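Colleague: Mind having a look at this structure? Questions to follow.
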Amino acid sequence: MIDWEDFGVPAEPEAAASEIAAAFARARQGELVEVGCLGGRGRTGTVLACMAVLAGVPGDEAVAWIRRAYRPEAVETPDQEEWVRWFAEWASRQPAG
């Protein structure tokens, strides 16, 4: 669970980014990972866009990609779009593994 208000961004960005990366790693290993929020658009879309970054989608393209691949309403606010770009920068600084 990530502390994340509706229409907002994570209260603790570094911790949230680590949780998203850990969930993505578990999914890549075949574990079932569930991503969801109340409406399935803003927070869910933002996390999925971050996971798209981890899968190789460039950070500046991840929101548009998730809107095409998942749903057009994904990532609801400009702050969430910016957070995906922040996440891409954060991910680029993490050790490979």
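Please treat every number below as a calculation from the coordinates, not as lab data. Fair warning: this is a prediction, and the values are worked out from it, not measured in the lab. So basically every Cβ, Gly included, is an ideal-geometry build from the backbone, and we count neighbours across all protein chains shown.
Colleague: Considering the range 1-16 alone, what residues qualify as being closer than 20 Å to Gly40 by Cβ and either aromatic (Phe, Trp, Tyr) or in a loop (DSSP other than H, G, I, E, B) (or both)? So that I can check it myself, show each step before the final result.
Modeller: In the first step, residues of the range 1-16 are kept if they are closer than 20 Å to Gly40 by Cβ; the result is 1-10, 16.
Residues satisfying the conditions are Met1, Ile2, Asp3, Trp4, Glu5, Asp6, Phe7, Gly8, Val9.
Colleague: Could you tell me whether Glu76 is charged (D, E, K, R), under 14 Å from Val9 (Cα atoms) and in contact with a helix residue (DSSP H, G or I) (Cβ under 7 Å, 6 or more places away or on another chain)? Walk me through it before giving the result.
Modeller: Numbers: charged (D, E, K, R): yes; under 14 Å from Val9 (Cα atoms): yes; in contact with a helix residue (DSSP H, G or I) (Cβ under 7 Å, 6 or more places away or on another chain): yes.
Answer is yes for this residue.
Colleague: So which residues in the range 37-72 are assigned to a helix (DSSP H, G or I) and among the charged types (D, E, K, R)? Give the steps one after another, and end with the answer.
Modeller: If we filter the range 37-72 for residues that are assigned to a helix (DSSP H, G or I), which is where we start, we get 42-54, 62-69.
Those that are assigned to a helix (DSSP H, G or I) and among the charged types (D, E, K, R): Arg43, Arg67, Arg68.
Colleague: Can you tell me how many residues in the range 18-38 are loosely packed, with under 15 Cβ neighbours inside 10 Å and touching a residue at least 24 places away in the same chain (Cβ under 8 Å)?
Modeller: Here the count works out to 1.
Colleague: What single numbered condition from (1) in contact (Cβ under 8 Å) with a residue 40 or more places away in the chain; (2) more than 13 Å from the chain's Cα centre (by Cα) fails to hold for Glu12?
Modeller: For Glu12, the failing item is (1).
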